[in-house]
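**Q** Before anything else, here's the structure in question.
Only the coordinates and a few stated rules stand behind these numbers; no lab work does. Model, not experiment: these values are computed from the prediction. Positions of Cβ are backbone-derived with ideal geometry, glycine not excepted, and every protein chain shown enters the neighbour counts.
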Amino acid sequence: MTPALHIQDLRIEYRLKDDVKVAVERLSLTIEHGELFALLGPNGAGKTSMISAMVSLIPFQGGEIKIFDHPAGTVAAKKCIGLVPQELVSYGFFTVNEILQFVSGYYGILNNQKRIDYLLERLQLQSQKNKLVSQLSGGMKRRMLIAKALVHSPKILLLDEPSAGVDVELRTILWDFVKELNASGMTIILTTHYLEEAQRLCKRTAIMDHGKLLAMDYTDKIIADEKNLEEAFLKLVKKRGPNA
Amino acid sequence: MPNLEEWIGFQSVLKKEILRFWKVKSQTVFSPMINAALYLVVFGLSLSNVVPPQNGFSYTEFLIPGLAAMAALNNALQNSASSIMISKFHGDLQDLRIVPLSHNLIALAYVIACIVRGVIVAAAVLFLGELVVFLKEGHWMAIAHPQGFILFLCLGCAIFGNLGIWIGFISRTFDHIAAFTNFIILPLIYLGGVFFSLKILHPTWQTVATFNPLVYIINGIRWSLLGASDVSAPLCALVSVLFVAITGALAWYSVKYGSYQRF
Ligand SMILES: Nc1ncnc2c1ncn2[C@@H]1O[C@H](COP(=O)(O)OP(=O)(O)OP(=O)(O)O)[C@@H](O)[C@H]1O
Ligand SMILES: [Mg+2]
């Protein structure tokens, strides 16, 4: 079967004024269709850069990225992906419902209100439906972005720290929803700094640092003899020193 | 040709862009109207007794097409430039890069929204102008070529909407947009014959003015409304279309290669 995501020898650079910052280097990984996959790493490891390259937000300087065999950036690849960005987005003039309708339209879907209502319901945002996005709290904005990533029922969902700033109760609701989406066949790639969440949810895990993979395996194999994923993570990362 | 899905996407961007300026219409539609009304009152009413008729029209009548053009062009430019700028601040410009929409359609949707705003503002200014002429001179100003008015307005707004897209992408602050507007666009507009007939200029300056694309748009609009202008209508149309093509390429390049990153 074609993998959901195939990355080969990826290299991502940021061109600064008098310097080149390498954010991802010779990184290869394959994620199968239907996986719930954790992408972990300390701050500045290159997770967001990798995700941004997958959705063609930033260019990459080497290697290839294929989404269900479609090169990243092509229409076919873009249709497959839903992205929940790490940074909150604030749509100044529009309500939650308006934005979700517009984004549905961007994907070529007309009359998507049923799906939008379902997502708002699941993410407990029904009462915020007609509020301006700029008036939502941080956690509500985060959930609105999750709904936005799902309006077109993507085959792959990229969650870049979806639980940051979301309260305990809603985090439970969020993870239940994520598990359900995954059970229905959606491939999910998750970055988070709550390692116990990753340990509980994800069968496979990749740990990266300084733009390179340190480990990629079944989560319990990565934990191996350590107490939990956090300990294993710290042990792997500590060897390498702080990020530039 | 775009397929159905792409058309739906295009319409969504267009709808969002139109709704964006309409939601803040006090700033985007009414404030330019008041601006133009001030010009009409200050220049039109007070100067029309002093300034001799231009091209055979009272100064107020002469002024109206120029003011309508100025308001339309300026607003067309502000529309795309500030929309893109605000989207970069909020971070939602990234949406357009992630979704499966072609650069052509995104650019087209932005420009059409600029045209819509420009036409609404121009129509409002024209209406005000008609009112002033009626109150002062006792007759409505006849519109010589209504289709020409729409045509030149659309061409002019397309040019300025395209420029606005480019400026929106290369600017990093609102000050950059203001600098472009104040140092380049407004002088071109003011020197393009809004307030005076080019015929009163020294021949050297008349030659210089022929390089100002605004001269052709403003004169095209003046020809449409009054039936007379400094530059012949076909030449105005030709130059305008040429500039739509040039600025269109610039806008397309900006949408394709510009940065969508928030800052
Ligand atoms: N726009 C940019 N310009 C220059 N350097 C950047 C830019 N964005 C990220 N970087 C650098 O690239 C590296 C990887 O950053 P990235 O955001 O991908 O990390 P991350 O793993 O997502 O971290 P976090 O857990 O903090 O979100 C960092 O060293 C960062 O400083
Ligand atoms: Mg990150």
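**Q** Which ³J(HN,Hα) values in Hz, rounded to whole numbers, follow from the phi angles of region A:86-103 under the Karplus curve 6.51 cos²θ - 1.76 cosθ + 1.60, where θ = phi - 60° and Gly and Pro get x?
**A** With the stated coefficients, region A:86-103 comes to 5, 7, 5, 10, 10, 7, x, 9, 10, 8, 3, 5, 4, 4, 5, 5, 4, 5 Hz.
**Q** Here's something else I'd like to know. On average, how many beta carbons from a partner chain sit within 10 Å of the beta carbon of a residue in A:82-88?
**A** Shielding by partners across A:82-88 averages 2.
**Q** At a Förster distance of 22 Å, what's the computed FRET efficiency of residue B:172 paired with residue A:14, Cβ-Cβ distance as r, to 0.05?
**A** Approximately 0.85, to the nearest 0.05.
**Q** Another question, if that's okay. Give me a comma-separated list of calculated 3J(HN,Hα) values for region B:106-117, in order, Karplus coefficients 6.51, -1.76, 1.60 applied at θ = phi - 60°, integers in Hz, x for any Gly or Pro.
**A** After applying 6.51 cos²θ - 1.76 cosθ + 1.60, I find 4, 4, 4, 4, 4, 5, 5, 4, 4, 5, 4, 5 Hz.
**Q** Please report, to two decimal places, log10 I(q)/I(0) for the protein assembly as shown at q = 0.08, 0.12, 0.14 Å⁻¹ as given by the Debye formula with identical point scatterers on the Cα atoms and no solvent.
**A** Taking Cα atoms of the protein assembly as shown as identical point scatterers yields -0.60, -1.03, -1.28.
**Q** Considering all projection directions equally, how large on average is the shadow of the alpha-carbon convex hull of region B:104-164, in square nanometres?
**A** Over all viewing directions, region B:104-164 projects a mean Cα-hull area of 4.5 nm².
**Q** Could you check the spin-label model distance between residue B:199 and residue B:143? Points 7 Å from the Cα along Cα→Cβ, value in nm.
**A** 2.6
**Q** Taking every pair of distinct Cα atoms and averaging 1/r, then inverting, what Kirkwood hydrodynamic radius in Å comes out for region B:134-238?
**A** Value: 15.2 Å, from the Cα pair sum.
**Q** Regarding region B:70-172, what's the average projected area of the Cα-atom convex hull, expressed in nm²?
**A** Quarter of the Cα hull surface area: 7.6 nm².
**Q** What ranking of B:1, A:208 emerges when the number of other C-beta atoms within 10 Å of each C-beta is taken as an exposure proxy, fewest first?
**A** Final ranking by Cβ density, sparse to dense: B:1, A:208.
**Q** Just counting partner chain Cβ atoms within 10 Å, what average do the residues of peptide B:252-261 show around their Cβ?
**A** Per-residue shielding by partner chains comes out at 1.
**Q** Take chain B, connect every pair of alpha-carbon atoms lying under 10 Å apart with a spring to form a Gaussian network, then pick out the residue of B:204, B:60, B:28 with the largest mean-square fluctuation.
**A** Among B:204, B:60, B:28, the largest mean-square fluctuation in the Gaussian network model of chain B belongs to B:204.
**Q** Another question, if that's okay. Rounded to whole Hz and in sequence order, give me ³J(HN,Hα) for region A:188-201 from the Karplus expression 6.51 cos²θ - 1.76 cosθ + 1.60, θ = phi - 60°, writing x for Gly and Pro.
**A** Computed from phi, the couplings for region A:188-201 are 10, 10, 10, 10, 7, 9, 8, 5, 5, 5, 4, 4, 6, 8 Hz.
**Q** Plugging the Kirkwood radius over Cα pairs into Stokes-Einstein for region A:44-93, at a temperature of 25 °C and a viscosity of 0.890 mPa s, what D comes out in µm²/s?
**A** 204
**Q** Could you list, in their original order, any pairs among A:155/B:23; A:114/B:88; A:17/A:141; B:136/B:199 whose Cα atoms are separated by more than 32 Å?
**A** In this structure, A:155/B:23; A:17/A:141 lie more than 32 Å apart at Cα.
**Q** Quickly rank B:157-167, B:35-45, B:220-230, A:151-161 as a protection proxy: mean count of other C-beta atoms within 10 Å, highest first.
**A** Packing proxy ranking, top to bottom: B:157-167, B:220-230, A:151-161, B:35-45.
**Q** Exposed loop GluC sites (Glu not before Pro) only (DSSP loop, at most 15 other Cβ atoms within 10 Å): please give the longest stretch of chain A free of them, not including the sites.
**A** Answer from the scan: A:88-225.
**Q** Follow-up. Testing the spin-label approximation: label points 7 Å from Cα along Cα→Cβ at residue A:69 and residue A:153. State their distance in nm.
**A** Each label point is offset 7 Å from its Cα along the Cβ direction, giving 2.2 nm.
**Q** In nm, to one decimal, how far is the residue A:235 label point from the residue B:23 one, both placed 7 Å along Cα→Cβ?
**A** 5.2
**Q** I'd like the mean, over residues of B:11-20, of how many other protein chain beta carbons sit within 10 Å of each residue's own Cβ.
**A** 4
**Q** Also, quick follow-up: Tell me, what is a quarter of the convex hull surface for the C-alpha atoms of chain B, in nm² with one decimal?
**A** 14.2
**Q** Quick one: what do you get for region B:192-259 if you divide its Cα Rg by 2.2 N^0.38 Å?
**A** 1.32
**Q** Using only the Cα atoms of region A:1-127, each taken as one equal point scatterer with no solvent, compute I(q) by the Debye sum, divide by I(0), and report log10 of the ratio at q = 0.18 Å⁻¹.
**A** So the normalised log intensities work out to -1.12.
**Q** Restricting to DSSP H runs of at least four residues, report the calculated mean residue ellipticity at 222 nm for chain A, -39500 (n - 2.57) per run over all residues, nearest 500 deg cm²/dmol.
**A** -10000 deg cm²/dmol
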